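The values are calculated or read from the model by the stated rules, or taken from the named source; none is laboratory data. What you see is a predicted model; the values in this text were computed from it and never measured. Every residue, glycine as well, gets a Cβ built from its backbone with ideal geometry; the counts of neighbours run over all protein chains shown.
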Amino acid sequence: MTVKCIGILTSGGDAPGMNAAIRAVTRAAIYSGMEVKGIMRGYKGLIADEFIPFKTNSVSNIIQQGGTILKTARCQEFMTPEGRKIAYDALVRENIDALVVIGGDGSLTGARIFAQEYNYPIIGLPGTIDNDLQGTDFTIGYDTALNTIMQAVDKIRDTASSHERLFFIEVMGRECGFLALNGAIASGAEAAIIPEVSKKDDQLAKLIDNGFRKSKNSSLVLVTEGDITGGAMKLAERVKNEYPQYDVRVTILGHVQRGGSPTANDRILASRMGAAAIDALNDDQRNVMIGIQNDKIVYVPFSKAVKKNKPFPEDLYNTLQILSI
Ligand code: ADP
């Protein structure tokens, strides 16, 4: 089937570089002779008929902006067959023959279900700072968030070492420790308490038992948010109760990690993936996420991308341990 008109939306948690992806998809689609419609507020706007015709200049001057010009939202209605029927009817009415969905694990799960239910062509782009999608080495937004974390930890290091304190710095990532692990390596932190390891081990007890301050006069530990690690506040409480000799403080980086101008790496990744989404449609690919593996664009079936079993980078974890002696 030749695709004549595509719809594009961003959904779920926003990530820096989403705008670069919107620009790339729009320009590549117009270059291939397709019509483009922007859909506001993710699946919510799809259900509420929020379509905007996009021309090449609709996406001018956005490559450097964080956030998403299409806005994003979470949409409970799209989780129901009734909601998805309204969405499908809207796409038919608008003569949109394929969708490009930029989002994380949840958004691509929704895309997979919808594509199957209506035999409707969708191409996904991995837009999330968490880097938690399977089948791609990197997701759009991850590199920018990592740089934000590194800069914040550099600043915390100054005050931590002046006061000889132990700092727990909580970062995002949900069930995935990439931001904490690579953030710790990039900022020279002592350790990363991450879900993949916390599931099996009491990382805090091990760190303390190993005497992790040794000759150092301060310690920085990055912690992935969420129930599996317990989060930075709970860990600090534990230290206060179990190891009162430490002067402990907590910083929760929160939403600063989501914002800011995307790094060169994220802009390039988003641009390549956006153009690849249109190549994929022209190649008659359906219901795949665009991924990048060893610097080559790949097509990853939705069912594989959202499986939540991204391999844990054991080598990086070992490197962090070696370098923090
Ligand atoms: P992210 O894409 O960042 O992981 P969410 O998990 O919040 O964000 O998902 C974004 C949206 O994707 C949800 O609000 C919902 O509209 C849609 N979605 C998520 N999971 C499903 C599902 N199982 N079925 C249908 N739609 C879903």
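Some points to look at:
- Within the range 80-95, the residues that satisfy the criterion of being among the β-branched types (Val, Ile, Thr) and more than 13 Å from Glu50 (Cβ to Cβ) are Thr80, Val92.
- Test: residue in the range 144-154 that is surrounded by fewer than 24 Cβ atoms within 10 Å (Cβ to Cβ) and over 19 Å from the mean Cα position of the chain (by Cα): yes
- Test result for Leu222, in a strand (DSSP E or B), surrounded by 14 or more Cβ atoms within 10 Å (Cβ to Cβ) and either touching an Asp or Glu at 6+ places or on another chain (Cβ under 7 Å) or at pLDDT 95 or above (or both): yes
- Whether a residue is away from the ligand (no atom under 11 Å from the Cβ), outside the structural domain of Arg286 (by TED's automatic domain parsing), at pLDDT 95 or above and crowded, with 21+ Cβ neighbours inside 10 Å was assessed, and Ile169 passes this test.
- Ile113 away from the ligand (no atom under 15 Å from the Cβ), at pLDDT 95 or above and either more than 14 Å from Leu222 (Cβ to Cβ) or over 9 Å from the mean Cα position of the chain (by Cα) (or both): no
- Long-range neighbours under 6 Å by Cβ, at least six apart or interchain, first residue in the same structural domain as Gly183 (by TED's automatic domain parsing) within the range 225-249, second of a type in the set (Asp, Glu): Glu225/Glu170; Gly231/Glu170; Gly231/Glu225; Ala232/Glu170
- Single residue of the range 97-107 satisfying the filter (buried (at least 22 other Cβ atoms within 10 Å of the Cβ) and more than 7 Å from the ligand (Cβ to nearest atom)) that is nearest to the chain's Cα centre (by Cα): Ile102
Per-residue answers, yes or no, for (1) buried (at least 16 other Cβ atoms within 10 Å of the Cβ); (2) in a helix (DSSP H, G or I); (3) outside the structural domain of Ala24 (by TED's automatic domain parsing):
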position: Asp266; (1), (2), (3): yes, yes, no
position: Ala277; (1), (2), (3): yes, yes, no
position: Leu281; (1), (2), (3): yes, yes, no
position: Ile290; (1), (2), (3): yes, no, no
position: Gln321; (1), (2), (3): no, yes, yes
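- Search result, residues across the range 251-264 that are assigned to a strand (DSSP E or B) and either surrounded by fewer than 18 Cβ atoms within 10 Å (Cβ to Cβ) or not β-branched (Val, Ile, Thr) (or both): Ile252
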